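The values are calculated or read from the model by the stated rules, or taken from the named source; none is laboratory data. No experiment lies behind these values; they were computed from the predicted model shown. Counting neighbours? That spans all protein chains shown, and the Cβs are built from the backbone with ideal geometry, glycine included. Note: areas computed on protein heavy atoms with side chains; ligands, DNA, RNA excluded. Shrake-Rupley method; radii C 1.70, N 1.55, O 1.52, S 1.80 Å.
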Amino acid sequence: MHGHWSSRLAFILAVAGSAIGLGNIWKFPYIAGVNGGGAFVLVYLACVFVVGLPIMMAEVLIGRRGRRNPIATMLLLGEEESGSTRWALIGVLGVFAGFLILSYYSVIAGWAIAYILEGASGAFANIDAAGVGEIFSSLSGDWLKTSFWHSLFMLMTLVVVSKGVERGLERAVRILMPALVALLLLLLGYSMIAGDFAAGLRFMFEPKFSELTQAGALSALGHAFFTLSVGMGAVMAYGAYLPSETSIMKTSIAVVCADTAIAILAGLVIFPIVFANGLDPATGPGLIFQSLPLAFGQLPGGIVIAVLFFLLLTFAAWTSAISLMEPAVAWLIEARDISRRRAAWMIGGTIWVLGFFSVWSFNILADFKIFGRTVFDNLDFLTSNIMLPLGGLAIVVFAGWVMCRNSSSDELDPEAGAGYRAWRFSARYIAPVAVVLIFLNAIGLI
Ligand code: PHE
């Protein structure tokens, strides 16, 4: 039987724990940097609120109605609402996307763990831009070290999943997330004083649409899904444990706002440091690892701050990783009738092996490219920019068009008349049309 979250706050914290992770602090600044800043940020924000929010609500309501793992839920509701079993494919696609995402996510989380030790060793003291570049490339270029850290992170993740996600997660998120925000605010203070804050602001908020390519717009859309953890059933799996009296709308809005605020905060910390030190904003996946240590190196108590920061980042990645693995594990337990422990080890083991291709994308396989991209980049592109938006599109079409009105209004606040109508309109028209337009644009049809 399924467990229950102990309260509405517990659910918010779990979904926030899933949403807030490397996507906000590592990925958002790096892809905003690669895609020229302002215009990308604007499209990303629009996608988060116009597309991501209604899809998150759709996922939670479907999850709570089905009360099973995402595949079984889609099978059940699909049959109930349309008589077709084909909707289960959404669940299958999602479980598979979670697999692929976690395989490379774990690699970056491994870097974060390695940086806890780098920070503790005092290696960042008074370091300059060349120095941070060296530390980063000697880590990411070392396949043995990074294999080790990736393995450790996968082990941490599967241990929690094997125990059941409701336990422990709640208390930890409640304390550690505010700590992460506090630390980011402290770093924001540093960036305002010692960084080129004006240049950072201009980069992030001055939209230059000439710099935004079609591929850039697609990755803004993809990132909206990635950062909110929607489109693959993670939120659906958590929704399955949600008590029926909780307001889905309020909860989702809270999570989306918190997630967005943290991403913007991370950007406001990082870009001023980037510009003050002559770094390239388009550095790529190493951006935070090559900019933040400059701040740690100059701050009084920098060693403690660096250690705390990378600890909290690892923690944020951990709570997201757990949610990436949960749909697959929940499915295996229910489908094969095996213990949670066994399922966690089987799924975790497979993802761990797959992850080596991403570990090696930064060293021994760095020159092995398919479509001009490394394995790591391909996995990221395929999952964030294609699988999540397609999964999300299918979910929102299901919730808006296939589910009958009574079913969805039952789950969303029955009292919130205008809110419900706004959601249904977005789910039926705005979100699907936006996703389709950005896709068509990306392949050059419009
Ligand atoms: N949202 C997480 C992050 O921003 C990543 C994630 C994606 C988690 C999809 C679950 C599902 O880091």
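So the values come out like this:
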read-out: Probe 1.4 Å, protein heavy atoms only - accessible area per residue of segment 42-94 in square angstrom; value: 35
read-out: Segment 175-271, relative contact order [Cα under 8 Å, separation at least 6], %; value: 66
read-out: Contact order normalised by residue count of the chain, Cα under 8 Å, 6+ apart, percent; value: 36
read-out: Spatial separation of Cα centroids for segment 385-446 and segment 143-201, in angstrom; value: 31
read-out: Residue (of 361, 251, 115) at the positive-pole extreme of the chain, dipole from beta-carbon charges; value: 251
read-out: Overall dimensions of segment 43-123 by Cα: Rg and Dmax, Å; value: 18.7, 62
read-out: At most 15 other Cβ within 10 Å, DSSP loop - trypsin sites (Lys or Arg not before Pro), segment 1-97; value: 86
read-out: At least 24 Å along the helix axis (C-alpha) and Kyte average at least 0.0, DSSP helices within the chain; value: 88-120, 143-163, 166-194, 248-276, 302-336, 340-360
read-out: log₁₀ of I(q)/I(0) at q = 0.11, 0.27 Å⁻¹ - segment 117-191, Debye sum with one point per alpha carbon; value: -0.50, -1.11
read-out: Hull volume in cubic angstrom per residue (convex hull over the Cα atoms of segment 8-442); value: 130
read-out: Average projection area in nm² (convex hull over Cα atoms of segment 367-444, one quarter of hull surface); value: 6.4
read-out: Accessible area of segment 92-191 belonging to carbon and sulfur atoms, whole % at 1.4 Å probe; value: 70
read-out: Qualifying trypsin sites (Lys or Arg not before Pro) for segment 301-349 [loop in DSSP, other Cβ within 10 Å: at most 14]; value: none
read-out: Exposure rule at most 10 other beta-carbon atoms within 10 Å, DSSP loop GluC sites (Glu not before Pro): the chain longest free segment; value: 1-244
read-out: If the convex hull is drawn through the Cα atoms of segment 4-60, its volume per residue in Å³; value: 84
read-out: Rh (Kirkwood; distinct C-alpha pairs) - segment 233-288, Å; value: 14.2
read-out: Within straight-line cross-link reach of residue 163, aspartates and glutamates at Cα separation under 18 Å, skipping those fewer than 8 residues along the same chain; value: 326, 334, 337
read-out: Cα pair distances of segment 1-155 binned at 10 Å [whole percent]; value: 9, 25, 30, 23, 11, 3, 0
read-out: Eligible lysines near residue 369 by straight Cα distance, threshold 22 Å, same-chain separation 8 or greater; value: 27
read-out: Fluctuation leader among 259, 377, 367 - the chain, Gaussian network, Cα springs under 10 angstrom; value: 367
read-out: Gaussian network model of the chain, Cα within-10 Å springs - most flexible of 433, 274, 51; value: 433
read-out: Equivalent-ellipsoid semi-axes of segment 157-266, from the Cα gyration tensor, Å, largest first; value: 31, 21, 13
read-out: GNM result for the chain, Cα springs below 10 Å: residue of 121, 106, 140 fluctuating most strongly; value: 121
read-out: Three semi-axes of the equivalent ellipsoid, segment 289-415, Cα gyration tensor, whole Å, largest first; value: 35, 23, 20
